[in-house]
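Right, one structure below, let's go through it.
The values are calculated or read from the model by the stated rules, or taken from the named source; none is laboratory data. The shown structure was predicted, so the numbers you read here are calculated from the model rather than taken from an experiment. Glycine also receives a Cβ, built like all others from the backbone with ideal geometry; neighbour counts cover every protein chain displayed.
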Amino acid sequence: MNTEWITETFQARHGRSVGRGDHDLNPGMPPPDTLKPAAVLIPVVAREDGLTMMFTQRTDHLANHPGQVSFPGGHVDPGDASPEDTALRETEEEVGVDRRHIEIIGRLADYKTRTGFSVVPVVGLVTPPFNITPDPHEVAEVFEVPLDFLLDPANHERHSREFEGTVRQFYAMPYNGFYIWGATAGMLVDLYNVLMGE
């Protein structure tokens, strides 16, 4: 698996992305009627010893998804030209990676969250070397996970917890003490389905 395979396979199959949301595993918990537009970058990093994916651990005091593992991203600003522009801007603001290091190869279908966002997942190849300078207000840690681990269906676990008196199901991919779950894991499952042809 290399960057050429990722690019060619994704561009050939991205139409298989059907759009996901927190409601996929929870039919009785539909997303809100009104959703705020947002975008994230799904950053595939071309390391010499293999492809990885970059994540952030959000700080505990944020209003939305505090302490959770996420992709770089956020709200669409009025000045953003496109979801791709939002994802690139947020990546630079949150982790300090300049857009000149990132090649956008396409999008997954929108992911709808129960917290009221319609998120465009933008897939990009990130070429080292680059500097990581996390925004201390938003990002507690930046880390990478081997892409092989994330694309192994054996690591796509289903977990549950009680939310407002109802048991909620969600995907999770625990890795080396990091708990990748919820919308982030749901987008990864969609990426897996596109790339691996499921």
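The strands (runs of 3 or more DSSP E) found entirely in the range 94-198 that carry 1 or more residues being among the aromatic types (Phe, Trp, Tyr) are 117-126, 139-146, 157-163, 166-175, 178-181.
The single condition from (1) under 17 Å from the mean Cα position of the chain (by Cα); (2) not in a loop (DSSP other than H, G, I, E, B) that residue 18 fails is (2). Counting residues in the range 88-108 that are touching a Phe, Trp or Tyr at 6+ places or on another chain (Cβ under 6 Å), modelled with pLDDT of 95 or more and surrounded by 22 or more Cβ atoms within 10 Å (Cβ to Cβ) gives one or more. Looking across 197, 177, 182, one residue alone is out of contact with any helix residue (DSSP H, G or I) (no Cβ under 9 Å at 6 or more places or on another chain) and at pLDDT below 95. It is 177.
Scanning the range 171-184 for residues that are out of contact with any Lys or Arg (no Cβ under 8 Å at 6 or more places or on another chain), farther than 16 Å from residue 19 by Cβ and among the aliphatic types (A, V, I, L, M) yields 173, 180. Quick one: in the range 110-129, of everything that is at pLDDT 95 or above and of a type in the set (A, V, I, L, M, F, W, C), which residue is farthest from residue 195 (Cα to Cα)? In this case the residue turns out to be 119.
Just one of the listed residues (72, 136, 83, 121) is in contact (Cβ under 8 Å) with a residue 60 or more places away in the chain and crowded, with 16+ Cβ neighbours inside 10 Å, and it is 121.
Residues of the range 102-151 that are of a type outside the set (A, V, I, L, M), within 19 Å of residue 10 (Cα to Cα) and more than 13 Å from the chain's Cα centre (by Cα): 103, 106, 127, 146, 148, 149.
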